[in-house]
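These notes concern the structure reproduced below.
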Amino acid sequence: MTTPLTTELRGLPLLSGLTDAEVERLRGMGARLTAAAGSVLVRQGERADSVYLVLSGTARVVMDGGEIAPLVTTGECIGELAVLDDTPRTATVVAAEEMDLLVFPAEVFRTALAEIPALRDAVTRALVRRLRRASSAWAQIAVDTDVLLEAYYEIQGTGEAGDRHAAVTAAAELIRRLASGTEQEDAVPGPALTTLTPAERRVADLVAGGLSNAAVAEELSVSEHTVASHLKHIYTKLGISSRVALAAAVLKGAH
């Protein structure tokens, strides 16, 4: 028998690609929760132990004490990125009003993504859209840019080819936007790039193009360890410490 909750889930755009049986399966894996306005759903820096699917209501996102846009609203997930890559929460999410939620323990959510491919693809596409929508705001706030870029890098290893390409494009745009600011003014001169080996220069160019370490490794048919080793040597040679500074050096050397 179809339950009221199943009917609600079927009405969410995020789940529109799921079959009736898959929606029923997902419903049985989560627990319903009502969160009062002001409730902290996830806290920056804490372990990612759950994912929330918003059935109704909105939530504010706060990073390093500053609120960032956009709000999380009906039909979206909260906390899925940290669960996907098993890292601490990168932001705090607070209920802006009373919220109706479906909560999944981290391991249960990972199981749902593995067992329901349509859900995995939908979550990946939603992440791409959210990150693309937020990138302009992110580029204007004082946070660790590598943390922001990691969100795009995670998507590059999941979902369909089109979503991975969109994540690379978004990461490259964010890198260019950041590198064209103050960090580019302090970038090493273009000729310093000549100290890099051909392999290191190829890695530098791909990083400046928005690729994650894993994507660079795939592109060059080498291991991620090799890519990380190249980056370590590049940073030492150029006297820099971030991917954005490296992109700034590459961009400066291209002119």
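Of the numbered conditions (1) within 22 Å of residue 153 (Cα to Cα); (2) exposed (fewer than 14 other Cβ atoms within 10 Å of the Cβ), residue 11 fails exactly one; give the number of that condition. Checking residue 11 against (1) within 22 Å of residue 153 (Cα to Cα); (2) exposed (fewer than 14 other Cβ atoms within 10 Å of the Cβ), the one that fails is (1).
Checking the structure you have, find out if any residue of the range 45-59 is touching a helix residue (DSSP H, G or I) at 6+ places or on another chain (Cβ under 9 Å), small (Gly, Ala, Ser) and closer than 24 Å to residue 110 by Cβ. Checking the range 45-59: at least one residue is touching a helix residue (DSSP H, G or I) at 6+ places or on another chain (Cβ under 9 Å), small (Gly, Ala, Ser) and closer than 24 Å to residue 110 by Cβ.
Just for the range 1-36: of the residues that are assigned to a helix (DSSP H, G or I) and among the hydrophobic types (A, V, I, L, M, F, W, C), which one is farthest from residue 113 (Cα to Cα)? Before you say what the answer is, go through the steps one by one.
Filtering the range 1-36 for residues assigned to a helix (DSSP H, G or I) gives 4-10, 13-15, 20-29.
In the following step, the residues that additionally are among the hydrophobic types (A, V, I, L, M, F, W, C) were identified as 5, 9, 14-15, 21, 23, 26, 29.
Values: 5: 20, 9: 16, 14: 13, 15: 12, 21: 15, 23: 12, 26: 10, 29: 11 Å.
Of everything passing the filter in the range 1-36, 5 is farthest from residue 113 (Cα to Cα).
The criterion of at least 1 residues that are over 15 Å from residue 33 (Cα atoms) and out of contact with any Leu (no Cβ under 7 Å at 6 or more places or on another chain) is met, among strands (runs of 3 or more DSSP E) falling completely within the range 47-86, by 59-63, 66-72.
Within the range 180-198, restricting attention to residues that are aliphatic (A, V, I, L, M) and either modelled with pLDDT of 95 or more or assigned to a loop (DSSP other than H, G, I, E, B) (or both), the residue that is nearest to residue 237 (Cα to Cα) is 196. Across the range 87-109, the qualifying residues are those that are within 17 Å of the chain's Cα centre (by Cα) and in a strand (DSSP E or B), and the one among them that is farthest from residue 15 (Cα to Cα) is 92. Taking first residues from the range 7-29 that are under 16 Å from residue 111 (Cα atoms) and partners that are surrounded by 12 or more Cβ atoms within 10 Å (Cβ to Cβ) and polar (S, T, N, Q), the Cβ contacts under 7 Å between residues at least 6 apart in sequence or on separate chains come to 23/6; 24/6; 27/6.
The values are calculated or read from the model by the stated rules, or taken from the named source; none is laboratory data. In this text, all values refer to a predicted model and were calculated from it rather than measured experimentally. Neighbour counts are summed over all protein chains in view; Cβ atoms, including those assigned to glycine, are modelled from backbone coordinates with ideal geometry.
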